[in-house]
Each structure stands twice: as structure tokens, then as C-alpha cells.
Amino acid sequence: MTDTTSAPSTTETVAEFAERARQWLADSMPRIDPAHPPEADRGEEAPWLRARKLQKTLYSGGFAGICFPREYGGLGLPIAYQRAFDEASRDYEMPIILNTPTFTICAATILDTGSEDQKRMHIAGAIRGDEVLVQLLSEPSGGSDLAGVITRAERRGDSWVINGAKTWSTSAFAADYGLLLARTDWDVPKHQGLTMFLVSLDAPGITMRRIKQVDGGEEFCEEFFDDLVLDGDAVVGEVNGGWEVASRQLYHERRAVGGGSEFSSGIGAEGASDKQVDYVGLLAATGLSDDPRARAKAGRALVRRMVQDQLVDHVYHGVLDGRLPPAAGSIIRITHAETVQFEIDTALEIAGAAAVVDDGSGLFEYGARYPSRQAASLGGGTTEIARNIIGERILGFPREPAADRGVPFNKVKRNKN
């Protein structure tokens with residue numbers, strides 16, 4: 001398994017790199033108009049095309065894939081250089097929607113577990129802006145039991161034939177390739193009979209449908225596989241070793257959701273609805289700038305934000321130097337959700353009635369964000385799962401009992417579809 005945190009030394013200091021980045025950004029990247037920030041609706045085609053174009057600009061300027069190894073198209077630099085570039089690029093439009101899942105999850109997983117050909121083709125392709133990668137994990141009958149997948153992969157000669165379905169695949173309509181987890185052995189316990197595949201999403205045998213959400217968005221997709229034929233080189237990792245690949249994928253996902261990945265291509269909000277709360281502006285808009293109780297609420301939220309930033313740094317370096325196990329990524333995954341929800345709740349409380357009835361003050365955006373606050377507790381696995389991981393893999397608590405542990409998957413009782 002590749003060590004994603006190692007990087008060679010460089011003769012350019014972080015400060016010199018940041019200064020060069022600032023000069024290049026000013027000459028090459030579009031500035032963000034604070035009054036009209038770009039809105040990257042993940043359910044639309046245009047933002048993805050725009051992100052690819054921006055990524056190509058980053059690549060041509062020599063600022064793409066800062067922490068990915070040079071042999072796979074990156075710069076091979078430590079995270080301090082990425083953080084310096086992030087700070088320098090805050091006022092510029094960046095391909096933020098490519099961060100998750102393309103760079104921070106899928107490309108990072110391929111870096112850890114893929115073949116040399118897969119790394120050179122797909123990591124480099126993503127860094128150039130030529131490829132978008134997604135996850136094909138969840139299934140209609142699976143719930144949170146990822147290891148219980150029933151999408152079937154059968155070997156036929158040198159090929160594999162896939163049949164089954166995946167769902168809730170984030171922005172799969174805009175992607176080129178997906179990491180697909182399928183069952184290749186039904187005679188062993190569920191975790192042992194899985195294989196990860198790298199799938200071209202325009203291949204014959206794949207039918208994709210958009211999922212329309214209650215708010216009208218169409219970010220998620222469902223995919224149906226009918227005799228999809230894959231070559232043997234589509235396997236990521238080892239045959240029947242898919243759980244190890246999926247576990248690494250989830251490790252990267254939890255770090256990404258919590259804001260702790262070194263593989264991001266810039267930072268910031270994906271659009272106006274995703275930007276951080278401006279508490280100074282909020283207090284001014286509500287006429288509460290001098291109200292001690294309102295100021296205290298805003299202060300508590302800002303403190304939590306700062307603590308989260310420090311925790312991300314602590315966990316990243318703790319995993320890097322071995323003081324913490326990789327499972328510690330679940331810590332920042334939980335605290336990220338708690339911080340997001342606390343901030344949205346605080347903003348709604350300060351805004352009051354203007355957040356739930358659009359009176360033209362501009363405060364309705366805080367109420368509009370409230371219904372989706374719980375999504376932060378679902379991405380990368382639920383908060384309950386993250387707490388179990390912390391208890392079992394970091395604190396050493398005994399695992400919860402499971403009726404299917406050690407039982408061949410074809411003997412496990414499950415609902416009929």
C-alpha cells in the first residue's frame with residue numbers, strides 16, 4: 001500500500017512557493033466577486049465543465065496535484081505547500097467540486113491500492129482535468145452495511161461480468177470512472193468475498209438515472225449493471241481483497257468530509273449556499289452588533305470553527321507520525337458535523353423570523369440551509385458508525401455483536417428484493 005503522506009524535499013521554501021502562487025493566481029485565475037460568488041450546483045452539468053476547465057488551468061500553471069507524487073502527475077510536496085496555496089487562492093475561483101470525491105477520495109484510494117497503470121492513467125488524468133472519478137458503493141438494499149453488497153461480479157475467462165445496482169452515487173452523471181464494490185465470492189463471510197473494480201461509466205451494460213430530491217436537486221444518481229463486461233485489469237487491489245480497498249476509501253472519505261485531506265485542489269465554498277457564516281455581517285444585518293447575548297452566540301460558533309481547524313491539523317499530523325491510527329479520521333468527521341450543525345443553528349437563532357420568512361433582508365438563506373444541516377452527519381457514513389469506529393479502533397472497546405460475523409454470505413439471512 002502506498003504511503004500517501006510521504007513527499008520528497010524541495011529547494012523552494014513554502015514562503016517562496018506561496019509568493020509565486022500569488023503572482024500566478026493574479027495573472028491566470030478569475031477573481032471571485034464577493035457580491036456574486038460562483039454557484040456550483042452539483043446537479044447541473046455546467047459547473048462540472050467549468051471545474052474541468054479551471055483544473056486544466058491549474059495544471060498548465062504548475063499548481064495542480066500539489067501533494068500527489070510527481071510520477072503520477074503531481075508536485076510531490078508536503079501538505080504545508082498545499083495549505084499555503086489554499087490561503088493564497090481564497091479570493092479566486094477554484095475547481096472546488098472536484099475535491100470530493102475525485103481527488104480526496106477516489107484518486108487518494110487509487111494512490112494507496114491501485115496498480116501502477118491505474119495510478120499513472122487515472123490520478124494523472126484527474127490532475128490534468130481530463131477525468132472525474134466517483135464512488136459506486138451504496139446499494140438499494142444495503143443501508144449502512146457496506147460489506148453486505150449484493151452486486152455480483154462473475155469471472156468468465158479473463159473477464160468479469162457485473163450485474164446489480166448502486167444508488168446515491170454523488171454526481172455520477174458528470175463522471176468518467178467509478179470505483180465499484182462487488183461480490184466475487186458468496187461462500188465466505190461477507191467482508192472476505194468482495195472485489196473493487198474501476199469502471200468506465202459510459203461502458204455498455206450501464207444504465208444511469210438521476211434521483212430527484214425533495215428540494216428539486218438532482219445531485220445523486222442510481223446505476224444498473226446488466227452484464228457489464230470488465231477486463232481483468234479493472235480490479236483495484238486484489239481479487240476478494242475489496243474490503244481492504246473499501247476501508248481505505250472510507251478512511252479518505254471521512255478525512256475529506258472533516259476537512260483533513262492533503263489532496264484538495266483549493267479550499268472554499270462550492271457556492272453561496274455553502275459559504276461560512278459571516279457573523280459580523282449577520283449581527284449588523286439584524287441590528288444586534290451591540291447585543292451581548294447575540295455576540296456571545298456568534299463568538300461560541302467562531303470558537304468551535306477555530307477548534308475544528310486546529311483539530312484537523314492535529315489529527316493529520318498525528319496519523320502522519322504514527323501517534324494516531326488512520327481510524328482517527330473519524331474524529332474530525334464527527335466534529336465537522338457537529339460544528340456545521342452548531343453554526344447553522346446559531347445563525348438561524350440570531351437571524352430569527354427573517355430566516356424563515358423571506359422579507360427581502362437576505363437573511364432567508366440561513367433558514368434555507370437549515371433543512372439540509374443533518375446531511376453533515378451522513379456523508380462518509382453516519383455519525384453512529386463513526387462513533388463505533390472510534391470506540392473499537394482507537395479506544396479499544398469490544399466490537400458490537402453481529403449475527404453474520406464469520407458466516408458464509410450465502411448463509412446469511414437477508415430480505416428478498
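The values are calculated or read from the model by the stated rules, or taken from the named source; none is laboratory data. Computed from a predicted model, the values in this text were never measured in an experiment. Neighbour counts are summed over all protein chains in view; Cβ atoms, including those assigned to glycine, are modelled from backbone coordinates with ideal geometry. The area values use the complete protein model at the heavy-atom level, side chains included, leaving out ligands, DNA and RNA. Shrake-Rupley method; radii C 1.70, N 1.55, O 1.52, S 1.80 Å.
At a glance:
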quantity	calculated
Tally, over region 393-417, of residues that are open to solvent by less than 100 Å² (accessible area, probe 1.4 Å) and of a type in the set (A, V, I, L, M)	4
Helices (runs of 4 or more DSSP H) wholly inside region 77-178 that include at least 2 residues being modelled with pLDDT of 95 or more and under 18 Å from the mean Cα position of the chain (by Cα)	108-113, 124-128
Filter result for G193 (in the same structural domain as A175 (by the TED database), without any contact (Cβ under 8 Å) to a residue 60 or more places away in the chain and farther than 21 Å from R120 by Cβ)	no
Top-ranked residue in region 353-366 [being surrounded by 15 or more Cβ atoms within 10 Å (Cβ to Cβ) and in contact (Cβ under 8 Å) with a residue 40 or more places away in the chain; ranked as farthest from D278 (Cα to Cα)]	A354
Within region 56-74, tally of residues that are farther than 17 Å from M29 by Cβ and either open to solvent by less than 30 Å² (accessible area, probe 1.4 Å) or not charged (D, E, K, R) (or both)	6
Residues within region 298-323 that are among the hydroxyl-bearing types (S, T, Y) and without any contact (Cβ under 8 Å) to a residue 40 or more places away in the chain, tallied	0
Residues that are touching a Phe, Trp or Tyr at 6+ places or on another chain (Cβ under 8 Å) and buried (at least 24 other Cβ atoms within 10 Å of the Cβ), drawn from region 112-126	H122, I123, A126
Residue list for region 194-224, filter: over 30 Å from E116 (Cα atoms), in a loop (DSSP other than H, G, I, E, B) and not β-branched (V, I, T)	K212, Q213, D215, G216, G217, E218, E219
Residue within region 276-297 that is in contact (Cβ under 8 Å) with a residue 40 or more places away in the chain, farther than 23 Å from E39 by Cα and open to solvent by 50 Å² or more (accessible area, probe 1.4 Å) present	no
First in region 55-83 and more than 14 Å from F263 (Cβ to Cβ), second anywhere and of a type in the set (K, R) and modelled with pLDDT of 95 or more, Cβ under 6 Å, 6 or more apart	Y59/R128
Filter result (without any contact (Cβ under 8 Å) to a residue 60 or more places away in the chain and surrounded by 15 or more Cβ atoms within 10 Å (Cβ to Cβ)) within region 377-392	S377, T383, N388, G391
Any hit, region 92-109, residues being more than 28 Å from F220 (Cβ to Cβ) and open to solvent by less than 30 Å² (accessible area, probe 1.4 Å)	yes
The listed residue being under 20 Å from M196 (Cα atoms), within 23 Å of the chain's Cα centre (by Cα) and among the β-branched types (V, I, T), out of V257, V239, V235, V229	V235
The lone exception for H191 - which of (1) out of contact with any helix residue (DSSP H, G or I) (no Cβ under 8 Å at 6 or more places or on another chain); (2) part of a helix (DSSP H, G or I) it fails	(1)
Positions within region 252-275 being closer than 21 Å to I32 by Cβ and either at pLDDT below 85 or in the same structural domain as A368 (by the TED database) (or both), in sequence order	G259, S265, G266, I267, G268, A269, E270, G271, A272, S273, D274, K275
Test set (1) surrounded by fewer than 18 Cβ atoms within 10 Å (Cβ to Cβ); (2) assigned to a helix (DSSP H, G or I); (3) touching a Gly at 6+ places or on another chain (Cβ under 9 Å); (4) of a type outside the set (G, A, S) - Q341 fails condition number	(3)
Some residue of region 23-34 being of a type in the set (G, A, S), surrounded by fewer than 20 Cβ atoms within 10 Å (Cβ to Cβ) and not assigned by the TED database to the domain that holds T170	yes
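Matching residues to (1) more than 25 Å from Y251 (Cβ to Cβ); (2) in contact with a Leu (Cβ under 8 Å, 6 or more places away or on another chain); (3) open to solvent by 10 Å² or more (accessible area, probe 1.4 Å); (4) in the same structural domain as I385 (by the TED database):
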| site | (1), (2), (3), (4) |
| --- | --- |
| R128 | yes, no, yes, no |
| E139 | no, no, yes, no |
| L146 | no, yes, yes, no |
| V149 | no, yes, no, no |
| A165 | yes, no, yes, no |
| D176 | no, yes, yes, no |
| L180 | no, yes, no, no |
| R183 | no, yes, no, no |
| P189 | no, no, yes, no |
